[in-house]
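Here the structure comes first, spelled out in structure tokens, and everything after it is commentary.
The values are calculated or read from the model by the stated rules, or taken from the named source; none is laboratory data. Predicted model, so just to flag it, every value in this text is computed and none were measured. Note that each Cβ is placed from the backbone with ideal geometry, even for glycine, and that neighbours are counted across all protein chains shown.
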Amino acid sequence: MNKHLKHIAAAGLVTALLATGCKKDYENPNAATANQVYSSPKGLMGVSIGLQRLYTLGQGSSVYGLSTATGFVTNEVSLRNAGNIPELQFSTGGSAVDPTNNVLANIWSNANKIIYDANLVQASARRLGDRGYASGLIAYTTVMEALALGSLSMYWERIPDTTGSNVSFSPRVNGFRRAVAAIDEALATVAANPISAGFNADMPAGHNLVNTLQALKARYALFAGDYNIALAAANAVDITQRGMFNFDAANANPIFAAVTSTNNVYQPVDSTLGLPASIAPDLADRRIQFYTAINTTVAPRFRLTAFYNTATSAIPIYYPGEVTLIKAECLARNNDLTNAVVELNRVVTKTAAADPLGIGAQLPAVNPTTQADVLEQIYRNRCIELYQSGLKLEDMRRFGRPIAERKRNFFPYPFRERDGNPNTPADPAF
């Protein structure tokens, strides 16, 4: 039986306990208590897997939401059916994206629940006698916590300082730095007590936790503008390894299930992958063929493929090419242009066979000479290498791309937060 499935019941039990704990008339005397779940290694693993399920599975998942919202507002994809109202809002852009959008509401609520539950698991894990199993739980839930903090910080100008009622808000850069701090704590825990074989046997397949933590640290330190920290973390990543979210027939890839298999939500805009003509991909760039397929009989011509073409296609948590481009960007922003171009060309010339994910441009080396030109080429290659990863909106702001190239800059706060929290900030104008 798939390891991912063995813990579904445990994860569902914990969710039910937490959701109905105040309704004493409906308690099940035969069910485990929350205290029992949070004091047991297997119970804590069930909760942890529940966080991954929340982030990855279904049209209400963060994976679907981030790929979809960013894809539309950065012009990576085009709408197939105007009856899909949240997606229509993103496709229209501007004020059409409003606080009723349930894709945004799902990203918001998923992130806050993941952060809350991850902190509970980590606190409980520190009380376990099996230190190696505890280290694994802390590392695994920190991956999910960092992704949750990152999703909030990429989409909203200010983010909650904590979880709960009437919480205060702080600038989004704090979210990126909170993610880095949590990762540092997890890495220190693993260094002191290496992850046990027992934990690895129970964890869903696809994860390389220490490598993934370093890659996410590099990503979010970069987004925070902490270039030296990002560069050091990127240098610690083994880019021959992968970190993936795996799926199976019963727990399908959410983009395939909602988008690729139906042709009813969105598809790639065309071979430009949403880039303006001045920096559009070279038609010889093999990454176009990696991310898109051609349908010659049924519209639209360009179809989504790569990590979204079957129910069981795995989705990357980070990309080896992303790590290399982080190095290039950090070097370029520190004005070490020679070494920045070296790192950039590792991606430009890379073959698919040389990449663990099979992504390769296989183009001749480039030779930009000014800092502005180097950064533009890094941005261009991030957009192609990381197509539909959900990271492009953050990149557009960081690289100072023209507002005209995107349909929103930040998103409005969901009504479900504003209605319950008087501290919710004003919505952005665009």
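Of everything listed in (1) assigned to a helix (DSSP H, G or I); (2) free of Cβ contacts under 8 Å to residues at least 40 places away in the same chain, the single unmet condition for Thr162 is (1).
In the range 155-181, the residue that is surrounded by the most Cβ atoms within 10 Å (Cβ to Cβ) out of those that are hydrophobic (A, V, I, L, M, F, W, C) and over 24 Å from Ala105 (Cβ atoms) is Val180. Check Pro412, Pro364 and return the single one that is touching a residue at least 40 places away in the same chain (Cβ under 8 Å), over 17 Å from Ile326 (Cα atoms) and assigned to a loop (DSSP other than H, G, I, E, B). Testing whether each residue is touching a residue at least 40 places away in the same chain (Cβ under 8 Å), over 17 Å from Ile326 (Cα atoms) and assigned to a loop (DSSP other than H, G, I, E, B) leaves just Pro412.
Selection of the range 237-261 for residues being of a type in the set (D, E, K, R) and not in a strand (DSSP E or B) yields Asp238, Arg242. For the range 370-409, taking the residues that are small (Gly, Ala, Ser) and part of a loop (DSSP other than H, G, I, E, B), the one that is surrounded by the fewest Cβ atoms within 10 Å (Cβ to Cβ) is identified as Gly400. Listed by first and then second residue, the pairs with beta-carbon distance under 7 Å, at least 6 apart or on different chains, first residue in the range 208-225 and part of a helix (DSSP H, G or I), second at pLDDT 95 or above and among the aromatic types (Phe, Trp, Tyr), are Leu209/Tyr140; Thr212/Tyr318; Ala215/Tyr318; Leu216/Tyr318; Arg219/Tyr318; Tyr220/Phe176; Phe223/Phe176.
Confirm whether Gly420 is surrounded by 22 or more Cβ atoms within 10 Å (Cβ to Cβ) and in a loop (DSSP other than H, G, I, E, B). Quick ask: steps written out before the conclusion?
Details: surrounded by 22 or more Cβ atoms within 10 Å (Cβ to Cβ): no; in a loop (DSSP other than H, G, I, E, B): yes.
The answer is no for Gly420.
Restricted to the range 58-147, the set of helices (runs of 4 or more DSSP H) holding at least 3 residues that are of a type in the set (S, T, N, Q) and either touching a Gly at 6+ places or on another chain (Cβ under 6 Å) or surrounded by 19 or more Cβ atoms within 10 Å (Cβ to Cβ) (or both) comprises 62-73, 102-125.
Taking the conditions (1) part of a loop (DSSP other than H, G, I, E, B); (2) over 23 Å from the mean Cα position of the chain (by Cα); (3) not acidic (Asp, Glu) in turn, Ala353 satisfies each one other than (1).
Considering each of Ser135, Ser165, Ser196, Ser151 in turn, give the residue that is under 27 Å from Pro412 (Cα atoms) and modelled with pLDDT of 95 or more. So the residue among Ser135, Ser165, Ser196, Ser151 that is under 27 Å from Pro412 (Cα atoms) and modelled with pLDDT of 95 or more is Ser151.
Here Gly321, Gly358 are screened, and the one residue that is modelled with pLDDT of 95 or more and either part of a loop (DSSP other than H, G, I, E, B) or in contact with a Lys or Arg (Cβ under 6 Å, 6 or more places away or on another chain) (or both) is Gly358.
Using the structure shown, decide if Cys330 is closer than 19 Å to Ala232 by Cα and crowded, with 24+ Cβ neighbours inside 10 Å.
Values: closer than 19 Å to Ala232 by Cα: yes; crowded, with 24+ Cβ neighbours inside 10 Å: yes.
When the stated conditions are applied, Cys330 passes them.
Evaluation of Thr351 against the conditions (1) closer than 21 Å to Gly243 by Cα; (2) touching a helix residue (DSSP H, G or I) at 6+ places or on another chain (Cβ under 7 Å); (3) not aliphatic (A, V, I, L, M) shows that the sole unmet condition is (2).
Looking for whichever is among the β-branched types (Val, Ile, Thr), in contact with a Ser or Thr (Cβ under 8 Å, 6 or more places away or on another chain) and in the same structural domain as Val143 (by TED's automatic domain parsing) here; the options are Thr56, Thr74, Thr68. Which one fits?
On the way: Thr74 fails: in contact with a Ser or Thr (Cβ under 8 Å, 6 or more places away or on another chain); Thr68 fails: in contact with a Ser or Thr (Cβ under 8 Å, 6 or more places away or on another chain).
Result of the check over Thr56, Thr74, Thr68: Thr56.
Looking across the range 199-251, just one residue is on the phi > 0 side of the Ramachandran plot and under 16 Å from the mean Cα position of the chain (by Cα), and that is Gly206.
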